[in-house]
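The values are calculated or read from the model by the stated rules, or taken from the named source; none is laboratory data. This structure is a prediction, so every number in the text was calculated from the model and none was measured. Ideal geometry is used to build each Cβ from the backbone, glycine not excepted, and the neighbour counts take in all protein chains shown.
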Amino acid sequence: MEQAKYTIGLDYGSDSVRSLIVNVNTGEEIASVVFEYPRWKKGLFCEPAKNQFRQHPKDYLEGLEYTIVEALKQAPAGVAENVVGISVDTTGSTPVAVDEKGTPLALTSGFEENPNAMFVLWKDHTAVREADEINDLARKWDIDFTKYEGGVYSSEWFWAKVLHVLRDDAAIMRAADSWVEHCDWIPALLVGNTRPKTLKRSRCAAGHKAMWHEAFGGLPSEEFLTALDPALSGLRDRLFKETFTCDVSVGNLSEEWAQKLGLSTDVKIGVGAFDAHLGALGAEIEPYYLSKVMGTSTCDMLVAPMEEVGDKLVAGICGQVDGSIVPGMLGMEAGQSAFGDIYAWFKKVLVGPTQQIIEKTNLVDKATQEKLIEEISDKMIAELSAEAEKIGIDENGVLAIDWMNGRRTPDANQNLKGAIAGLNLGTDAPRIFRALVESTAFGSKAIIDRFRSEGIRIDGVIALGGVAKKSALVMQIVADILNMPIKVARSEQACALGSAMAAAVVAGVYATTDQAQKKMGGGFETEYHPIAENVAKYQLIYEKYKKLGKFIEDELTK
């Protein structure tokens, strides 16, 4: 009997990292371990009021070693000896300033506690001004370098973040030799070559977030970048020209990391990619099926054959790149800057004052206080959801706009703010919560409407991520508002599973990602269908949503 082979999917999320060991022959998920970033959990290096969200590379390093070692301990005997590949997915755009060796500056002397020397997390919006400047210049330039990025550049993306940090911190300006995306740095680290000019860069990161395209000969021209700001002078030559898809090997696991992890140096390491891209792979994306990663934010992924879409440009999305999701197909990305984060925000609004009162009370002891706070926090969303479900659809009720963290798609604009309208003295927390859920679903519909208006058909929706797995209320509302069935991927960890699939191709077990999906895919656990009566009601409310959104964009952001 042939010995089973295994791959490891390493999935870096916003709050934690997970390692998943998968049997490449059957798709069986053998072991999985999660590591919460300790510094991030304490809120270090972040200033939410300023939209500053930074992560220390030590969180990533500690999580890398811990999760793989512990997952291998959980796995049956003999698994470690038969691991053939590792692939990595991360959030993005999450770049970091590095020295000439490719070491993040936060790991070098003098920068250990400097947030500007750390990874700038995807949801960091400190670079709104820089994004506006990029858009203004691109519209005047003889080549529109944003045209493959949906025509609008976002503060969540590579160049805006790099420029903001360089302007903000002269010490970083002097010390930074180059910049590297998180999804590029981890694979480079594992093979022992982090030098910025020679490490292999991800096609999806470069194409969707850094304005890289073959038609431009790579990145935007030196003339464009220096016209944007002289601070960028010479940086293009210290970055990259080539990019690679997720089916390409970076190299073999280095001796150093083989010893740390208890693996062989024969293990192949794949080119990294963003979590949503490999999550779509893990959820068995197929042409013209929108893959929605529904978590703190959403990433909406769509693939289509190149010969069918050709050079069609889709306005207002987060980019379209050959091979960025599925090698050989055009990958298109859209999404919402906040989804589950909006529910979490409302929970904090309710729990925060309650927590402060409980902490000051003399009626119960400290231990009981802590238990009360924990229970209230843990049960708040479930209680709100249960009560919201009883309310039903109110065409004249509370109406919300889901731009609490700006708008990613359609037409990125991080200057926008959310809103709640239609309040009266009878409005209670469940009604507000339901309106917030409906607003996130309306935001999802706006994305689908944009694809269709640009001539891209959508045949179905595949959902994955924490919200898709946990909230039947949210999923039914989304199905009703989209007026489309939604299939929910069975795997609890579709992003990590997608990385494991990519690793199986990198290791030579399968020739294509399509073959890996067919052998390793977990299928779907449930399907939500729209309710005709709800669809009609929600269409009326959606028109009000669009009107209120237009008013906010036209009048309140002047």
So which residues in the range 231-247 are under 25 Å from the mean Cα position of the chain (by Cα) and among the polar types (S, T, N, Q), if there are any at all? Thr243, Thr245
When residues of the range 362-373 are limited to those that are exposed (fewer than 11 other Cβ atoms within 10 Å of the Cβ) and of a type in the set (D, E, K, R), the one nearest to the chain's Cα centre (by Cα): Lys366
Given the criterion more than 30 Å from Ile342 (Cα to Cα) and not aromatic (Phe, Trp, Tyr), identify the matching residue among Cys299, Cys204, Cys246. Cys246
Would you mention how many residues in the range 146-165 are in a helix (DSSP H, G or I), modelled with pLDDT of 95 or more and crowded, with 24+ Cβ neighbours inside 10 Å? 6
Filtering the range 349-361 down to residues that are loosely packed, with under 12 Cβ neighbours inside 10 Å and not polar (S, T, N, Q) yields Val349, Gly352, Pro353, Ile357, Lys360
Of all residues in the range 296-334, count the ones that are buried (at least 24 other Cβ atoms within 10 Å of the Cβ), in a strand (DSSP E or B) and not hydrophobic (A, V, I, L, M, F, W, C). 5
Given (1) assigned to a helix (DSSP H, G or I); (2) in the same structural domain as Arg407 (by TED's automatic domain parsing), Lys518 misses just (2)
Go through Ser93, Ser19 for me and flag whichever is of a type outside the set (Phe, Trp, Tyr), surrounded by 23 or more Cβ atoms within 10 Å (Cβ to Cβ) and in a loop (DSSP other than H, G, I, E, B). Ser93
For the range 62-90, the count of residues that are closer than 12 Å to Thr7 by Cα and in contact with a Cys (Cβ under 9 Å, 6 or more places away or on another chain) equals 2
Look at Gly85 and say whether it is touching a residue at least 24 places away in the same chain (Cβ under 8 Å), at negative phi and part of a strand (DSSP E or B). yes
Could you list, in sequence order, all residues of the range 265-289 that are in a loop (DSSP other than H, G, I, E, B), under 16 Å from Leu464 (Cα atoms) and of a type in the set (Gly, Ala, Ser)? Ala283
Within the range 55-75, is even one residue outside any helix (DSSP H, G or I), touching a Lys or Arg at 6+ places or on another chain (Cβ under 6 Å) and either of a type in the set (S, T, N, Q) or free of Cβ contacts under 8 Å to residues at least 40 places away in the same chain (or both)? no
Only one of Asp124, Asp136 is in contact (Cβ under 8 Å) with a residue 24 or more places away in the chain and either closer than 19 Å to Gly13 by Cα or out of contact with any helix residue (DSSP H, G or I) (no Cβ under 6 Å at 6 or more places or on another chain) (or both); which? Asp124
Take the residues in the range 390-407 that are at pLDDT 95 or above and among the charged types (D, E, K, R); name whichever of them is surrounded by the most Cβ atoms within 10 Å (Cβ to Cβ). Asp402
Yes or no: Lys197 among the basic types (Lys, Arg) and either touching an Asp or Glu at 6+ places or on another chain (Cβ under 8 Å) or under 22 Å from Gly319 (Cβ atoms) (or both)? no
Identify all residues within the range 462-474 that are among the aliphatic types (A, V, I, L, M) and surrounded by fewer than 22 Cβ atoms within 10 Å (Cβ to Cβ); write none if there are none. Ala472, Leu473
